[in-house]
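Here the structure is laid out as structure tokens; the discussion comes afterwards.
No value in this document is a laboratory result; all are computed from the given coordinates. Since the model is a prediction, treat every value here as computed from it, not as a measurement. Reconstructed Cβ throughout: ideal geometry from the backbone, glycine too, with neighbour counts over all protein chains shown.
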Amino acid sequence: MPFILLLALCAQDLRSQTPDAQAKFQLAQGFEQAGEWERAEGLYRELLTREPSNYIYFDGVHRMYMQLKKYDAAVMLIQDRLTHFPADFTLYGMLGTAHYRAGRETQAQESWEKAIALNPANQQSYRVIASVLIENRLLERAAGMYRRGRIACNDLYLFTIELSQLLAASMDYAGATEEYLRWLQQNPAQIGFVQGRLSAFSYKDDGRAAAIATVRKALKTRQDLRLYELLGWLHLEGKEYANAFDVYRHIDDLSTANGGAVLGFADRVFRERAYDAAALAYREALRSPLQPGQIPRAKYGYACALMEVQATADSGRGVILSTTRPVSETRTRYEGAVAAFTALTEEYPRSEYSAKSLYQIGMVQLRQYEDMDSALRYFQQVLTEPAITPTGRYDVQLRIGEILVARADTVRAATTFSAVAGAPDATPDQNDEAQYRLAELAFFNGRIDDAVRLLGTISLNVQHDYTNDALELLAFLQENVATAPEALRSFARAEYLARQRKNTEAAAMLEDIVQRFPAAVVADDALLRTGALLTAAGRYANAVSVYERLLADFRENSNQIDRALFRLGEVQQFGMHDNARAILAYERLLAERPQSILVHEARKRIRFLRGETL
């Protein structure tokens, strides 16, 4: 019985109910929902006796028989209805299920075959019986039924989505991919849909490998641009950037994109923070005959990739910051990126790329060189650029505010941050960061309640860099404000000195907090921060002593033990170049704090120091 006709009959059956029948039907439904199937069966059977042709009542009795495992009764019920509706293939499907559940597999198969025999060219018959087979967990038979239906209906693209989903559920990833490729061949514009379906198993190594092999096999028979796009996407899903790059080269050639496809690849892997791969792709795109409008985009992307490659390398050095290295060495490492940005400002003056490049140079001056004067000059120059966007302007103001704090000009810094926090056209992240910076200023000035209030207004986008800092500051203030307010205010003054790069003075103030308030909750935080400041000042032996003191004196009541062990290992590894002691510190972290989020990185450090493959 066609599905639409079945719905129509059900609706008609419901409308034909008398008030008494309707009440009993609702009562039967209530018993069914409560799991009282025998009572529901009696009511459904009574209703069906009154109206033998009513499908709703028939279906209710059938459901209860199946729930109660009265399979023989279900068979008799369905056979009786078949005498009245002999051409209803859905009834044969139900009959087969009743036989199958009763252990009569031969009769079940005969019933399902009768459903198909009613009209061998009716695709709905194959769809219904395949669904019945899936319901009975006969997945291979269901797949065979779909394939059989394709031949009988003379349509090799029939049941593509149903079969692909079934094969994926059966972990036949190659077969599922073949079906999705069949769909893509008929619907080339729906590559996004196919990628979405493949993502159900492409995150698994074996699933992705099977999909890649299947796509490559298909490419041997036809050089299809969509297949290459799918293959490139699969390699990107597995972070296989070199393989993906090769694929995008083919895409560029096939589509005559003149480097545009390679540039698109570079942009994507840059967003995925694969900066080495992005730099290579940007460079290759620039060697291609790009459209004039794409050239500055590629040059800017290449400069950003160079900068991020070095920044990523530096981040592996942990707390051993650039302040402990000669300025000339730091400048040498970033001079390639700075030169690339500078060239952009000269080649495309007064453009968006000029404004963005000046901003990036300012960021290098601020973050890597720690040259506040140069950074401020570049940021102020960005503000004079005619192509600067409102978003770019607010980013610059936030960075200028940072510099003002480092120069102890908190009044102007507060004004700058307040302007961004209250700007209606700033992004939510910019508003939130400005609020965070204002909270820091309140903290530095000892206005703890104001700081907590401001931090409470931040939405804390987990994708933004300052989020963890904001969360940590809020937790730190809430933990210490009630127990040791004076120690907390001293800690705030020390942090303010540290922000001005007065690390030695800040460390001395923190040491004083430990001496004056040894029982305060903030004492171990003060020691941890002291160690970091001494490290930044290049006083590695003193930093080691501070960390060891924290580990000895606060071992039983500190939640900073894992961080202290990790930083101790970093100082030994990068500052004192004592690999053996560094390994011991990292191993202590694994043994004593196995649940720490730092465990994974500690293991990586140990393997590296031992010369093992990462």
Problem set entry | Rounded to 10°, Cα long-axis angle of helix 540-553 versus longest principal axis of the chain | 60
For this session: Filter the cross-link list 24/69; 204/604; 299/502; 70/114; 299/604; 239/604 down to pairs whose alpha-carbon distance in this structure exceeds 28 Å.
Result: 299/502; 299/604
Exercise. For 522, 420, what's the fewest-to-most ordering of other Cβ within 10 Å of each Cβ?
Worked result: 522, 420
Problem set entry | Listed candidates [x] 34.8, 97; [y] 26.0, 90; [z] 29.3, 108 - label of the one calculated as Rg and Dmax of the Cα atoms in Å | [x]
Problem set entry | Per-bin percent of Cα-Cα distances, the stretch 439-519 [10 Å] | 18, 47, 30, 5
Exercise. By how many degrees, 0 to 90 and rounded to 10, does the Cα axis of helix 352-363 deviate from the longest principal axis of the chain?
Worked result: 60
Seminar exercise, completed: Rounded to the nearest 10 degrees, the helix 579-592 long axis (Cα) sits at an angle to the longest Cα principal axis of the chain of 50
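Could you please rank 237, 556, 335, placing first whichever residue has the fewest other Cβ atoms within 10 Å of its Cβ?
556, 335, 237
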For this session: Output the peptides 281-289, 481-489, 102-110 sorted from most to least packed, where packing is the average of other Cβ atoms within 10 Å over each peptide's residues.
Result: 281-289, 481-489, 102-110
Exercise. By counting other Cβ atoms within 10 Å of each Cβ, how are 256, 160 ranked from fewest to most?
Worked result: 256, 160
Problem set entry | Spatial separation of Cα centroids for the stretch 410-464 and the stretch 131-195, in angstrom | 54
